[in-house]
Amino acid sequence: MKARIHVLTLGVSDLERSLAFYRDGLGLASTGILGTEFPGSETKPAGATAMFTLDDGLVLSLYPRSELEKDAGLAAGRLAGSGVSLGHTVQRREDVDGLLEAARRAGAVVHGSPHERPWGIYAGHFSDPDGHLWEVVYFLPGKGSVAGDPARATSGSAS
């Protein structure tokens, strides 16, 4: 197996609210909610989802938590947050502050203040309306390294 991730699906409690947060608040391009013609049932998942194809080809998918539980065969209420942080790299230090502010204005909770880490990054965190934790990262010039990270050379901001 090659070490790649192509699709990242976030279970959300309100699909329209989450679409607005990522599309309108953070500026990610999306055609909106797809798959509404598949209504689902008490045991079969509905098809409504929102997707964003990011610059590196990764697809960020938003799917109602209850439907994701059905799709994965989990009991209702079983899908919950975990100790995972999603990372987004930016090209400039000031992009960290700008993206955190954009996320705050869109309804995110910004955690603390961005700061430098001794391993060579300047970063800060926010949680989206469903509590998914994001880290916005700028790699400080000449400090630290991330082996094999193509984003270090070509990253851009989400806004």
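Each reported figure results from applying straightforward, stated rules to the coordinates on display, with no laboratory input. Model, not experiment: these values are computed from the prediction. Neighbour counts run over all protein chains shown; Cβ positions are idealised from the backbone, glycine included.
Computed quantities for the displayed model
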quantity	calculated
Selected from Leu54, Leu28, Leu99 as most flexible by GNM, with the chain as the system and alpha-carbon contacts under 10 Å	Leu54
Rounded, prolate or oblate (a/c below 1.5 giving rounded, otherwise prolate when a/b exceeds b/c) for the chain by Cα gyration tensor	prolate
Mean ellipticity per residue at 222 nm, deg cm²/dmol - from DSSP H runs of n ≥ 4 across the chain, formula -39500 (n - 2.57)	-5000 deg cm²/dmol
Tensor-based shape of segment 7-72 (alpha-carbon gyration tensor, a/c under 1.5 rounded, otherwise prolate or oblate)	prolate
Contact order normalised by residue count of the chain, Cα under 8 Å, 6+ apart, percent	22 percent
Additional length obtainable on full extension of the chain from Lys143 to Thr43, 0.36 nm per residue less Cα span	30.8 nm
Segments 13-21, 115-123 sorted - mean Cβ within 10 Å per residue, highest first	13-21, 115-123
Amide hydrogen neighbours beyond the local backbone of Thr89, cut-off 5 Å, H modeled	Val137
Under 14 Å from the Asp130 label point (7 Å along Cα→beta-carbon), backbone N, segment 42-72	46-52, 60-72
Thr9, Thr49 arranged by Cβ crowding within 10 Å, fewest neighbours leading	Thr9, Thr49
In sequence order, calculated HN-Hα J values of segment 98-110 (Karplus, 6.51, -1.76, 1.60; Hz; x Gly/Pro)	x, 6, 4, 5, 4, 5, 4, 4, 7, x, 6, 9, 8
Per-residue HN-Hα couplings for segment 122-130 [Karplus 6.51, -1.76, 1.60; θ = phi - 60°; Hz; x = Gly/Pro]	10, 8, x, 10, 9, 10, 6, x, 9
DSSP-defined beta bridges in the chain - what % are antiparallel, rounded to 5	65 percent
Label point distance in nm, Ala3-His115, each placed 7 Å from Cα along Cα→Cβ	3.0 nm
